[in-house]
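Structure record follows, encoded as structure tokens.
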Amino acid sequence: MESKVSNGSGPQDERITNLLVFGFLQNCSNYNFHEELELLGRELPVPAYLKEDHDDELQTDGNRCSYFLDGGARDSESQEEIIQDIARQLAQIGDRMDHSIHPGLVNNLAMQFMNVNLSEEDRRKHLAAALEQAMQTYPKDMEKEKTMLMLAMLLAKKVADHTPSLLRDVFHTTVNFISQNLLTYVRNLVRNVRTSDVSSLVSH
């Protein structure tokens, strides 16, 4: 898969991508890596209100907006809220399309990530190859970049579901993949949401 971004990402771009992938995983339903996600949140430069462990009701109801805003007075147009809104919408799409990812594809990708001898570049290539396979069977009624973004994060979620101990590695590989291939799309998505309804930009 060809990279769509030739220049490297800066600290702000990395922060945006970290927030997006972390928020996506946090908003997915029925995942098996709660403890691992909480530990990951402690390592990342993400807002404290995203790191807190949610109770089961919050984890399964698919709507954390009220909780998200309870963490104190925040600018309603803050970048963190915009990214969290995008992550939540993409997670809802991912939940609906979860069944479209073939279990064998997830098993193979998890096995690759279990290989401690693989470099980060090799892991990124395996993720890209799995993403290409997933996109071949995915509905074509969503723009390509949006589909790639959602499926890359969905694959990360399913690998972590398969083997929770892989969460940290698959998270960082997914962040790196998005930064290399979809950064311009993510930047535009965040910028456009500032003046538009997030659901109209990321809904299926």
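The values are calculated or read from the model by the stated rules, or taken from the named source; none is laboratory data. Everything quoted here is computed from the prediction, not taken from an experiment. Positions of Cβ are backbone-derived with ideal geometry, glycine not excepted, and every protein chain shown enters the neighbour counts. Heavy atoms of the whole protein, side chains included, go into the accessibility calculation; ligands, DNA and RNA do not. Shrake-Rupley method; radii C 1.70, N 1.55, O 1.52, S 1.80 Å.
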Next on the checklist: Among the residues of the stretch 154-166, are any closer than 22 Å to Ala87 by Cβ, basic (Lys, Arg) and open to solvent by less than 20 Å² (accessible area, probe 1.4 Å)?
Outcome noted: yes
Checklist entry - within 22 Å of Leu167 (Cβ to Cβ) and modelled with pLDDT of 50 or more, is that true of Leu58? => result no
Checklist entry - From Phe24, Phe68, which residue is within 26 Å of Met97 (Cβ to Cβ) and at pLDDT 90 or above? => result Phe24
Item to check | Count - residues of the stretch 113-125 that are more than 26 Å from Asn188 (Cα to Cα) and either aromatic (Phe, Trp, Tyr) or buried (at least 18 other Cβ atoms within 10 Å of the Cβ) (or both) | outcome: 2
Checklist outcome for this item: Conditions (1) within 19 Å of Lys125 (Cα to Cα); (2) without any contact (Cβ under 8 Å) to a residue 40 or more places away in the chain -> Arg191 fails only (1)
Checklist entry - Counting only residues that are in a helix (DSSP H, G or I), more than 12 Å from the chain's Cα centre (by Cα) and either modelled with pLDDT of 90 or more or not polar (S, T, N, Q) (or both), how many does the stretch 116-146 have? => result 18
Checklist entry - Got a sec? Which of Ala130, Ala152, Ala110, Ala156 is of a type in the set (Gly, Ala, Ser) and under 23 Å from Asn192 (Cβ atoms)? => result Ala152
